[in-house]
Amino acid sequence: SRYVTIKHHINGAPKQSDFEVQTVTLSLSLDPGSNDVLVKNLYVSIDPYQLNRMKDYSASQMASKYALAVLPGQAINSYGVGRVVASANPSYIKDDLIVGLIGWEEYTLVRGEDAIMIRKLDTTEFPLSYHVSTLGLSGLTAYGGFFNVCKPKKGETVFVSAASGSVGNIVGQYAKLLGCYVVGCAGTKQKVDLLTDKLGFDAAFNYKETTDLKSTVKRYFPDGIDMYFDNVGGEMLEAAVENMNMFGRVAVCGVISEYTDAKRRAGPNMLDVVYKRITIQGFLAADYMNDFLDFISKTSDHIRNGRMHVIEDISHSLESIPLAFEGLFAGDNIGKKIVQIADI
Ligand code: NDP
């Protein structure tokens, strides 16, 4: 089985040349009683947080300690959809489709003790890739963060950064369905047009075209921001806090602009936070696993009835993973970045 690994730790923006493909031999005969499952990987998720796992801890001040490190030469696990090719686990039989923690590799041997990290996919109502994007962890992140942390009410104002990205586009669509006023920012005209023309955002702007973020954000929120869903950190968080309303809520989902630069940090005006009684709360998708079934049922219904669009950006082949990953930090992706490794 071929797999993608890092050649060395990565500090700064990742490049394709930081990665290589290696090969490992896997046996099709699994130990009876081991509960192991051998999975052929079909679609895998490409996520910004993976970069924080690839850093050199000693050299970096970044948050690598928060996720299991990736070492050079090791396979890199990631969320995805696969098909069972052999099973010593009574819960799975050959040809079952599964979703969960697999990896940037052709086949994943899911050990019995890790079988809790996968689950059977018992519907083929939607394309399989949807279970990596809007019906996968990106969707759960948007759902959990928006509804639990932002605690939105109809008619309130919402600002979303990296809004055409995987999590961002879903947050904006939930917010519109609830009846909020929604503005997103993104890095190209094509992305901005997608937000307003297809996804129903009330407005959107290209943050790369402004030199004064604070006044740009103010222009889009003359009555202030009630909720900011932060995917990028840095100056965007500062500009949002400056424009928050009383009792505003900031859901800190991620700070991608800080992942590639260990010195970059948001410095929001904390006096604003005090006087405006702003809540700033970080969260992880994992916090909302108990909401998973509720999330799947409501979101599937939105998709089924054409109320939500699924925005995906799929490339093909294991070899394309490094380029796909590099592209996240250059803003190449529109919607959820996925690599299809194999046909079913
Ligand atoms: P996206 O699909 O949004 O892809 C990343 C996008 O971020 C790029 O397309 C780019 O879009 C934007 N971006 C890249 N670099 C910068 C920068 N320096 N400044 C501003 N924007 C930048 O990724 P995801 O939706 O998967 O992730 C979005 C955020 O959510 C990340 O911070 C990620 O770590 C976090 N996350 C957190 C989770 C949690 O459990 N808390 C789970 C999943 C994701 P553009 O063209 O707009 O610049």
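The values are calculated or read from the model by the stated rules, or taken from the named source; none is laboratory data. From a predicted model like this one, the values you see are computed outputs, not experimental measurements. Counting neighbours? That spans all protein chains shown, and the Cβs are built from the backbone with ideal geometry, glycine included.
The selection criterion, being at pLDDT below 95, more than 13 Å from the ligand (Cβ to nearest atom) and assigned by TED's automatic domain parsing to the domain that holds LYS263, holds for THR211.
Taken over the stretch 153-168, the criterion of being buried (at least 24 other Cβ atoms within 10 Å of the Cβ) and more than 8 Å from the ligand (Cβ to nearest atom) is satisfied by THR157, VAL158, PHE159, VAL160. Filtered by the rule that a residue be under 21 Å from THR5 (Cβ atoms) and either within 11 Å of the ligand (Cβ to nearest atom) or crowded, with 22+ Cβ neighbours inside 10 Å (or both), the stretch 327-344 gives GLY327, LEU328, PHE329, LYS337, ILE338, VAL339, ILE341. The set of residues in the stretch 280-319 being assigned to a helix (DSSP H, G or I), under 15 Å from VAL132 (Cβ atoms), within 16 Å of the ligand (Cβ to nearest atom) and not hydrophobic (A, V, I, L, M, F, W, C) consists of THR299 alone. Selection of first residues in the stretch 199-213 that are over 25 Å from GLU156 (Cα atoms) and of second residues that are in a loop (DSSP other than H, G, I, E, B), restricted to Cβ pairs under 8 Å at least 6 apart or on distinct chains, gives the following pairs, ordered by first then second residue: LYS208/GLY187; LYS208/THR188.
Yes/no per residue for (1) outside the structural domain of GLY172 (by TED's automatic domain parsing); (2) of a type outside the set (Gly, Ala, Ser):
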| residue | (1), (2) |
| --- | --- |
| LYS263 | no, yes |
| MET270 | no, yes |
| TYR275 | no, yes |
| ILE278 | no, yes |
| ASN305 | yes, yes |
| SER320 | yes, no |
| LEU328 | yes, yes |
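Screening the candidates LEU101, LEU121, LEU128 for the property of being within 15 Å of the ligand (Cβ to nearest atom), surrounded by fewer than 24 Cβ atoms within 10 Å (Cβ to Cβ) and among the aliphatic types (A, V, I, L, M) yields one hit, LEU101.
Taking the stretch 320-344 as the range and being on the phi > 0 side of the Ramachandran plot and either touching a Pro at 6+ places or on another chain (Cβ under 7 Å) or not in a loop (DSSP other than H, G, I, E, B) (or both) as the test, only GLY335 passes.
Can you tell me how many residues within the stretch 264-283 are out of contact with any helix residue (DSSP H, G or I) (no Cβ under 8 Å at 6 or more places or on another chain) and either touching a residue at least 40 places away in the same chain (Cβ under 8 Å) or not basic (Lys, Arg) (or both)? So that I can check it myself, show each step before the final result.
Step one: filter the stretch 264-283 for residues out of contact with any helix residue (DSSP H, G or I) (no Cβ under 8 Å at 6 or more places or on another chain), giving 270-271, 274-277, 279, 282.
Remaining after also requiring either touching a residue at least 40 places away in the same chain (Cβ under 8 Å) or not basic (Lys, Arg) (or both): 270-271, 274-275, 279, 282.
Counting residues in the stretch 264-283 that are out of contact with any helix residue (DSSP H, G or I) (no Cβ under 8 Å at 6 or more places or on another chain) and either touching a residue at least 40 places away in the same chain (Cβ under 8 Å) or not basic (Lys, Arg) (or both) gives 6.
For the stretch 166-200, a residue qualifies if it is farther than 17 Å from GLY145 by Cα and either assigned to a helix (DSSP H, G or I) or in the same structural domain as PHE329 (by TED's automatic domain parsing) (or both), and the qualifying residues are LYS189, GLN190, LYS191, VAL192, ASP193, LEU194, LEU195, THR196, ASP197, LYS198.
Yes or no, residue by residue, for (1) surrounded by fewer than 18 Cβ atoms within 10 Å (Cβ to Cβ); (2) on the phi > 0 side of the Ramachandran plot; (3) of a type outside the set (D, E, K, R):
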| residue | (1), (2), (3) |
| --- | --- |
| ALA251 | no, no, yes |
| SER257 | no, no, yes |
| LYS263 | yes, no, no |
| VAL274 | yes, no, yes |
| ASN290 | yes, no, yes |
| LYS298 | yes, no, no |
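From THR141, THR188, THR157, THR124, grab the single residue that is β-branched (Val, Ile, Thr) and modelled with pLDDT under 95. Lay out the reasoning, then the answer.
Numbers: THR141 fails: modelled with pLDDT under 95; THR188 fails: modelled with pLDDT under 95; THR157 fails: modelled with pLDDT under 95.
Checking each option against the conditions leaves just THR124.
One residue alone among ILE256, ILE341 is of a type in the set (A, V, I, L, M) and under 20 Å from GLY139 (Cα atoms), and that residue is ILE256.
Which of the residues that make up the stretch 217-239 are within 16 Å of the ligand (Cβ to nearest atom) and under 16 Å from ASP202 (Cβ atoms)? Within the stretch 217-239, VAL217, TYR220, MET227, TYR228, PHE229 qualify.
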